[in-house]
1. If you take the residues of segment 41-67 that are modelled with pLDDT of 95 or more and in a loop (DSSP other than H, G, I, E, B), which of them is nearest to residue 105 (Cα to Cα)?
2. Pick from 83, 155, 144: which is within 15 Å of the chain's Cα centre (by Cα) and surrounded by fewer than 21 Cβ atoms within 10 Å (Cβ to Cβ)?
3. Of the conditions (1) crowded, with 20+ Cβ neighbours inside 10 Å; (2) in contact with a helix residue (DSSP H, G or I) (Cβ under 9 Å, 6 or more places away or on another chain), residue 70 clears all except one; give me its number.
4. For segment 91-102, enumerate the residues that are surrounded by fewer than 22 Cβ atoms within 10 Å (Cβ to Cβ) and either over 11 Å from residue 119 (Cβ atoms) or without any contact (Cβ under 8 Å) to a residue 24 or more places away in the chain (or both).
5. Looking at (1) farther than 27 Å from residue 253 by Cβ; (2) assigned to a loop (DSSP other than H, G, I, E, B), can you tell me which one residue 209 breaks?
6. Exactly one of (1) touching a helix residue (DSSP H, G or I) at 6+ places or on another chain (Cβ under 9 Å); (2) more than 18 Å from residue 84 (Cα to Cα) is unmet by residue 64. Its number?
7. Restricting to segment 212-250, give me the number of residues that are surrounded by 13 or more Cβ atoms within 10 Å (Cβ to Cβ) and outside any helix (DSSP H, G or I).
8. Run down 206, 270, 254, 286 and say which single residue is under 30 Å from residue 147 (Cα atoms), modelled with pLDDT of 95 or more and surrounded by 11 or more Cβ atoms within 10 Å (Cβ to Cβ).
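The values are calculated or read from the model by the stated rules, or taken from the named source; none is laboratory data. Not measured: the values here are computed from a predicted model. We place every Cβ from the backbone using ideal geometry, glycine too, and count neighbours over all the protein chains shown.
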């Protein structure tokens, strides 16, 4: 902890009551942290969500931090709003001895440089996890086993490591210059994976299968694919016509996907990635087909 900070768990104020802020507040409260306040905008849907969250964790709703005594301030706002939120809470607050964290995966701790200049220790603390509305309510251990990437002032990172440990996560360090690539990696792992699932529903429609039925039928193969990946890695989990080098089948796929041009581009892009990163037979023949396939 910082000099002057109580040896016990610091009091926490959450800035922003969105999906991530809600999940963090719930996890922290369950780990024995006192959530003193949830800061939000003065009106609108944000205030409504903040009231609901504050009630769950025994906090009060505030629109500024001037009356908040929490030693740990955690910014859970969109990337573009982090620096602006830091400017908004600077006045009327003694930042000496406090820790300020934000949870952007792409941006560095320098987004909180203004608070650093006022005496706070700052860090970026990003969980490699997806948060969507409603999911955290039924997941009491939502952060258990989750890796957190930490970067920032040594004192703030020390505090963050303790917090991550207490909520059941795993902390590791990341360099400032690696954050953009790190966040792109996470985007592939969840949001773009979700986009791929949406694409598969469009392809299912070509086979006369409704979206709801496609989702139901795909769950077993998706679960087994993830299990195979966890057990054997990407190369060991890769199956199907491309790994076999089945040129004729790939041709048929490309032909039928002309009815869904966006899905066809996704197929070609992923198939090309498979040729580069995975064990594939008849690579040259497959590459010729993909390269000659019009968009």
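1. Selected residue: 59.
2. On the way: 83 fails: within 15 Å of the chain's Cα centre (by Cα); 155 fails: within 15 Å of the chain's Cα centre (by Cα).
None of the others qualify; the one that does is 144.
3. (2)
4. Selection gives 91, 92.
5. Condition not satisfied by residue 209: (1).
6. All conditions are met except number (2).
7. Going through segment 212-250 one residue at a time, the tally reaches 3.
8. Working: 206 fails: under 30 Å from residue 147 (Cα atoms); 254 fails: under 30 Å from residue 147 (Cα atoms); 286 fails: under 30 Å from residue 147 (Cα atoms).
Exactly one of 206, 270, 254, 286 is under 30 Å from residue 147 (Cα atoms), modelled with pLDDT of 95 or more and surrounded by 11 or more Cβ atoms within 10 Å (Cβ to Cβ), namely 270.
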